[in-house]
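Structure record follows, encoded as structure tokens.
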Amino acid sequence: MRIALFITCVNDLAFPATGIAVTRILRRLGHTVDFPTDQTCCGQMHANTGYRAEAMPMVRNYVDVFDSYDAIVAPSGSCTAMIRDQYPRLHPPATSVAARTYELSELLVDVLGVTDVGAEFPETVTYHPTCHGLRMLRLGDRPLTLLRQVRGITLVELGDAEECCGFGGTFALKNPDVSTAMLTDKCARVRDTGARVLAAADNSCLAHIGGGLDRHRSGVRAMHYAEILAGASS
């Protein structure tokens, strides 16, 4: 299977370790992962704020860059949802490549049939299901299924887990007071778990929650679940 990594803007610019983790996991499972250097932004911010015409060059470029691959993996529920949900409506020729674009847990569990990636992570972890993964991709318990197989991990349930953290891309900028109130609730739920690590599928949401946890001096580390799965088992 020819697999390509779509890194996404947030990961490329701020969280490169997540893309490295995805590649490490897939290579450990015996797969070759390509990284096409002509990839760009998926256009989500443009499309979601009404600039659909401006998003179209990015949509077309995605098709041109990734259409030859059997599967495209992205460590982001948000960007994967943009591609799978909006691309076919914005640009019908993108339908085929959009259907072959997967969030990491979908690729591992549904396509490759893997739930144990041979990881070890001796920490107490709680998991936040981010909105795009939960409501648009319907990831369900796929990420948790993978995390449960990690050696040494202690998973604790997050209260009111399905409540939004308040980030929502431009929502946090346009509605800062509401966003901050939602973040405060989410941080309180995380602290209540006693976990040392908060995991999720989107680094944008993790940056938002992690910032709140840092301001509260909680000692909780926000971490993409791919980086947990990349921890090699001895």
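The values are calculated or read from the model by the stated rules, or taken from the named source; none is laboratory data. Bear in mind that the values here come from a model prediction, so they are computed numbers and not experimental data. A quick note on method: Cβ atoms are made from the backbone with ideal geometry, for glycine too, and the neighbour counts reach across all protein chains shown. When the accessible area is computed, the model is the full protein with side chains, heavy atoms only, and any ligands, DNA or RNA have been set aside. Shrake-Rupley method; radii C 1.70, N 1.55, O 1.52, S 1.80 Å.
The single residue among Glu106, Glu120 that is in contact with a Lys or Arg (Cβ under 7 Å, 6 or more places away or on another chain), among the acidic types (Asp, Glu), in contact (Cβ under 8 Å) with a residue 12 or more places away in the chain and more than 17 Å from Ile7 (Cα to Cα) turns out to be Glu120.
Residues considered: Val117, Val97. Of these, the only one that is open to solvent by less than 10 Å² (accessible area, probe 1.4 Å), touching a helix residue (DSSP H, G or I) at 6+ places or on another chain (Cβ under 9 Å) and not in a helix (DSSP H, G or I) is Val117. Considering Ala74, Ala55, Ala21, Ala81, the condition of being over 18 Å from Asn203 (Cβ atoms) and of a type outside the set (Ser, Thr, Tyr) is satisfied by Ala55 alone. A count restricted to the range 14-65 and to residues that are open to solvent by less than 20 Å² (accessible area, probe 1.4 Å), touching a Lys or Arg at 6+ places or on another chain (Cβ under 9 Å) and assigned to a loop (DSSP other than H, G, I, E, B) stands at 1. When Thr184, Thr180 are checked against the criterion of being more than 26 Å from Thr23 (Cβ to Cβ), open to solvent by 10 Å² or more (accessible area, probe 1.4 Å) and in contact (Cβ under 8 Å) with a residue 24 or more places away in the chain, a single residue qualifies: Thr184. Comparison of Ala200, Ala181 shows that the only residue that is in contact with a His (Cβ under 7 Å, 6 or more places away or on another chain) and of a type in the set (Gly, Ala, Ser) is Ala200. Contact map, the range 132-149: first residue modelled with pLDDT of 95 or more, second residue open to solvent by less than 50 Å² (accessible area, probe 1.4 Å) and of a type in the set (Phe, Trp, Tyr), Cβ cut-off under 6 Å, separation 6 or more or different chains; pairs are Pro143/Tyr225; Leu144/Tyr127. Every test in (1) surrounded by 15 or more Cβ atoms within 10 Å (Cβ to Cβ); (2) in contact with a strand residue (DSSP E or B) (Cβ under 6 Å, 6 or more places away or on another chain) is passed by Gly168 save one, and that test is (2).
Taking the criterion of being assigned to a helix (DSSP H, G or I), open to solvent by less than 30 Å² (accessible area, probe 1.4 Å) and not aliphatic (A, V, I, L, M), the residues of the range 66-85 that qualify are Phe66, Gly77, Ser78, Cys79, Thr80. Only one of the listed residues (Ala222, Ala200, Ala207, Ala230) is in contact with a Phe, Trp or Tyr (Cβ under 7 Å, 6 or more places away or on another chain), among the aliphatic types (A, V, I, L, M) and either within 17 Å of Thr18 (Cα to Cα) or modelled with pLDDT under 95 (or both). That residue is Ala200. Checked against (1) over 19 Å from the mean Cα position of the chain (by Cα); (2) open to solvent by less than 10 Å² (accessible area, probe 1.4 Å); (3) acidic (Asp, Glu), Glu103 passes all but a single condition, namely (1).
Count of the range 211-234 residues, restricted to those that are under 15 Å from the mean Cα position of the chain (by Cα) and either in a strand (DSSP E or B) or of a type outside the set (Phe, Trp, Tyr) (or both), is 8.
If I filter the range 139-149 for residues that are basic (Lys, Arg), open to solvent by 50 Å² or more (accessible area, probe 1.4 Å) and within 16 Å of the chain's Cα centre (by Cα), do I get at least one hit?
Initially, the range 139-149 is screened for residues basic (Lys, Arg), giving 142, 148.
Add one more test, that the residue is open to solvent by 50 Å² or more (accessible area, probe 1.4 Å), and what stays is 142, 148.
With the extra rule that they be within 16 Å of the chain's Cα centre (by Cα), the set shrinks to 142.
Checked against the condition, which is being basic (Lys, Arg), open to solvent by 50 Å² or more (accessible area, probe 1.4 Å) and within 16 Å of the chain's Cα centre (by Cα), the range 139-149 yields at least one hit.
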